[in-house]
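*Asks:* Pasting a structure here, questions to come.
The values are calculated or read from the model by the stated rules, or taken from the named source; none is laboratory data. What you see is a predicted model; the values in this text were computed from it and never measured. Neighbour counts are summed over all protein chains in view; Cβ atoms, including those assigned to glycine, are modelled from backbone coordinates with ideal geometry.
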Amino acid sequence: MAPLPDEIRYTFADLLEWDDDVRYELYDGHPAALAALSNTHQLISGELFRQIANYLVGKRCKVYPAPFDVRLFEEKDDRPEDVSVVVQPDISVVCDPSKTDGHGCKGAPDLVIEVTSPSTVRSDKLLKFDLYRRAGVKEYWIADPADQVVSVYTLESGHYLAATYGAGDSVRVSVLDGLTVDLSTVFPET
């Protein structure tokens, strides 16, 4: 696919028609290509997914790894042409089955986890942080492989309350009653 001009605004309908192997996110109609993931990124994301997925067996909530399109601000009667914000979190937990369809999630997941990389750290901590807060994502985790910490943001009255946990800690997932994630198995030894 040729480079995309900045002045053109794209929608989810455009993403559905692009026939290439590049994954994209859309920020207010502006596409951003996603880079390939490092081994460390995949190990961390995979272990977080494993712990959450194991807990959710037989439960109403479902966990989805990337690539999984999340249309944060899509409303009930929106068509793909109406959607200009699409993200692909590393992990999404959705507890309302009516929010999922064959293309991903319509609206805010209950929990979103992003694993930072040098190319995404700014987006994860600023742009996506604000998008997830505004969309009403109840819990947002940012796993930082470089510092081996997980920052947990819990939504209260439209604002995120923050807590940070290190590689040896256990973290209670507030939106999944009874689940505690063991970070000692999340971060690979250096």
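*Asks:* Can you name the condition, by its number, that residue 168 falls short on among (1) over 17 Å from residue 115 (Cα atoms); (2) at pLDDT 95 or above?
*Replies:* (2)
*Asks:* Then there's this: Being under 17 Å from residue 117 (Cα atoms), touching a strand residue (DSSP E or B) at 6+ places or on another chain (Cβ under 7 Å) and at pLDDT below 95 is the filter here; which residues of the range 29-83 pass it? Explain how you work it out, then say what you get.
*Replies:* Filtering the range 29-83 for residues under 17 Å from residue 117 (Cα atoms) gives 32-48, 65-67.
Checking which are touching a strand residue (DSSP E or B) at 6+ places or on another chain (Cβ under 7 Å) leaves us with 32-34, 41, 44-45, 48, 65.
Those that are under 17 Å from residue 117 (Cα atoms), touching a strand residue (DSSP E or B) at 6+ places or on another chain (Cβ under 7 Å) and at pLDDT below 95: 32, 33, 34, 41.
*Asks:* Continuing with the same structure: Please determine, by comparing only the residues of the range 53-74 that are aliphatic (A, V, I, L, M) and more than 14 Å from the chain's Cα centre (by Cα), which one is nearest to residue 24 (Cα to Cα). First the steps, then the outcome.
*Replies:* Restricting attention to the range 53-74, the residues satisfying the condition of being aliphatic (A, V, I, L, M) are 53, 56-57, 63, 66, 70, 72.
Remaining after also requiring more than 14 Å from the chain's Cα centre (by Cα): 53, 56-57.
Details: 53: 25, 56: 28, 57: 30 Å.
Checking each candidate, the answer is 53.
*Asks:* Just name the residue that is surrounded by the fewest Cβ atoms within 10 Å (Cβ to Cβ) out of those in the range 68-96 that are among the acidic types (Asp, Glu) and within 22 Å of residue 48 (Cα to Cα).
*Replies:* Restricting to residues being among the acidic types (Asp, Glu) and within 22 Å of residue 48 (Cα to Cα), the top hit is 96.
*Asks:* Hey, can you tell me all the residues within the range 84-112 that are in a strand (DSSP E or B) and over 15 Å from the mean Cα position of the chain (by Cα)?
*Replies:* We begin by selecting, within the range 84-112, every residue in a strand (DSSP E or B); these are 86-87, 91-94, 100-101, 104-106, 111-112.
Answer for the range 84-112, where residues must be in a strand (DSSP E or B) and over 15 Å from the mean Cα position of the chain (by Cα): just 101.
*Asks:* Okay, moving on. Which condition does residue 86 not pass, out of (1) at pLDDT below 95; (2) among the hydrophobic types (A, V, I, L, M, F, W, C); (3) closer than 21 Å to residue 134 by Cα, if it passes all the others?
*Replies:* If we test residue 86 against (1) at pLDDT below 95; (2) among the hydrophobic types (A, V, I, L, M, F, W, C); (3) closer than 21 Å to residue 134 by Cα, just (1) comes out false.
*Asks:* Can I ask one more? Applying the selection to the range 111-132, what residues are surrounded by 21 or more Cβ atoms within 10 Å (Cβ to Cβ) and either of a type in the set (Lys, Arg) or under 24 Å from residue 58 (Cβ atoms) (or both)?
*Replies:* Within the range 111-132, 111, 112, 113, 128 qualify.
*Asks:* Out of (1) farther than 18 Å from residue 173 by Cβ; (2) surrounded by fewer than 16 Cβ atoms within 10 Å (Cβ to Cβ); (3) not charged (D, E, K, R), the odd one out for residue 104 is which?
*Replies:* If we test residue 104 against (1) farther than 18 Å from residue 173 by Cβ; (2) surrounded by fewer than 16 Cβ atoms within 10 Å (Cβ to Cβ); (3) not charged (D, E, K, R), just (2) comes out false.
*Asks:* Testing residue 151 on (1) outside any strand (DSSP E or B); (2) surrounded by 13 or more Cβ atoms within 10 Å (Cβ to Cβ); (3) small (Gly, Ala, Ser), one condition comes back false. Which one is that?
*Replies:* (1)
*Asks:* Let me ask something additional. For residues that are basic (Lys, Arg), part of a loop (DSSP other than H, G, I, E, B) and touching a Phe, Trp or Tyr at 6+ places or on another chain (Cβ under 8 Å), tally how many sit in the range 42-83. Working first, answer last.
*Replies:* From the range 42-83, those basic (Lys, Arg) are 50, 59-60, 62, 71, 76, 79; that's our starting set.
Next, from what is left, pick out any that are part of a loop (DSSP other than H, G, I, E, B): 59-60, 76, 79.
After this cut, where a residue has to be touching a Phe, Trp or Tyr at 6+ places or on another chain (Cβ under 8 Å) as well, the list is none.
The total comes to 0.
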